[in-house]
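Colleague: I am attaching a structure below and will ask some questions about it afterwards.
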Amino acid sequence: MSVDTERPVDRGEGHTQVPAGQKDRRVAQPPKLRRRPVLVAASIAAVCLGGLLGAFAWTATSDTRSVVAVRSAVERGAVIGREDLMALQVGLDPALTPIPAAQVETLVGQRAAVDMAAGTLVTREQISATVLPPRGFSVVGVALPASLLPGEPLVTGDRVRVVATPGAGGEVVDGATVTIPATVVGLHPDPDTGATVVSVQVPESQAAELAARAATGNVAIVLDSRER
């Protein structure tokens, strides 16, 4: 018995017979990667930008200063004591102007111009050498139209007299005219009515009378000499 064995035919170096079932198969070539310079440049720029932002954030948070803060709440007009203040290390916004901790002793004995809450930073606007009104004085608001105010604009600190008037259509009667000396401490124009509320400081003993007369509208303000 003879066995007919089929042998691969050597077709030369590097060639072998491919089985019949695999003759039609094709091997796909791997895709060629294309470099896109725009995307590469954008990636590098994003990495650099992230680094710069990180460096800026670190610098901003690490730039701290020692400033004065309120340890315990201080009411408006109260004398500030050393125990009311403390030093605090904070990173500051350039728009803020708190008082440096080295100047804390200059604040002792001053008065709070506003209510100061515990934990807040202290600025010069919150500190005053005096309180308004001082002891023995009161502040009264007098609302008047322009016709009952001096033609010269009033400013804080002006010495004035609030003069009682007979009112529209009234007649000036004989006798001494009622006048109350005062000092201007504030001006508050009212755009709706055209009137100006003049805040004046007067002795406590005259505050009630001035308030009553101002409520009638039958008063005017006279500016006295500014020469000192």
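None of the figures in this text is laboratory data; all of them are computed from the coordinates on show. Quantities reported herein were computed from a predicted structural model and do not represent experimental measurements. Note that each Cβ is placed from the backbone with ideal geometry, even for glycine, and that neighbours are counted across all protein chains shown.
Colleague: Could you line up 213, 82 from fewest to most neighbouring Cβ atoms inside 10 Å?
Modeller: With the sparsest Cβ surroundings first, the list reads 82, 213.
Colleague: While we're on this one: Once you have the Kirkwood Rh of region 64-128 from its Cα pairs, apply Stokes-Einstein at 25 °C and 0.890 mPa s and quote D in µm²/s.
Modeller: On the way: Rh = 11.5 Å.
Estimated via Stokes-Einstein, D reaches 213 µm²/s.
Colleague: By the scheme Lys and Arg +1, Asp and Glu -1, what is the net charge of all other residues having a beta-carbon under 14 Å from that of residue 86?
Modeller: Working: positive: 71, 82; negative: 83, 84, 105.
Result for the neighbourhood of residue 86: -1.
Colleague: Here is a further query. Starting from the amide H of residue 178, placed 1.01 Å from N in the peptide plane, find each other amide H under 5 Å away whose residue is 5 or more places distant or on another chain.
Modeller: 164
Colleague: Could you give each residue of region 147-164 its phi-based ³J(HN,Hα) in whole Hz, using Karplus coefficients 6.51, -1.76, 1.60 with θ = phi - 60°, and x for Gly or Pro?
Modeller: Those phi angles translate into 5, 10, 10, x, x, 6, x, 7, 9, 4, x, 5, 8, 9, 10, 8, 10, 6 Hz.
Colleague: Also: Within the set of other residues whose C-beta is less than 14 Å from the C-beta of residue 152, count the net charge using Lys and Arg as +1 and Asp and Glu as -1.
Modeller: Working: positive: 159, 226; negative: 158, 224, 227.
Cβ neighbours under 14 Å give a net charge of -1.
Colleague: Amide H neighbours of residue 78 under 5 Å, at least 5 residues apart or on other chains, H built in the peptide plane: list them.
Modeller: Here 112 satisfy the definition.
Colleague: Quick check on region 137-223: take the gyration tensor over C-alpha atoms, sort the square-rooted eigenvalues as a ≥ b ≥ c, and tell me if it's rounded (a/c under 1.5), prolate or oblate.
Modeller: It is oblate, given that a/c is not under 1.5 and a/b is not larger than b/c.
Colleague: Right, another one. So, counting K/R as plus one and D/E as minus one, what does the shell of residues with Cβ under 15 Å around residue 109 add up to?
Modeller: -1
Colleague: In addition: What distance in nm separates the two pseudo spin-label positions at residue 45 and residue 97, each 7 Å out from Cα along the beta-carbon direction?
Modeller: 4.0
Colleague: From the phi angles alone, apply the Karplus equation (6.51, -1.76, 1.60; θ = phi - 60°) to region 129-137 and give each ³J(HN,Hα) in whole Hz, x where the residue is Gly or Pro.
Modeller: Per-residue couplings from phi come out as 6, 10, 10, 10, x, x, 4, x, 10 Hz.
Colleague: Quick check on region 64-128: of the DSSP beta bridges with both residues there, what percent are antiparallel, nearest 5%?
Modeller: For region 64-128, the DSSP antiparallel bridge percentage is about 100.
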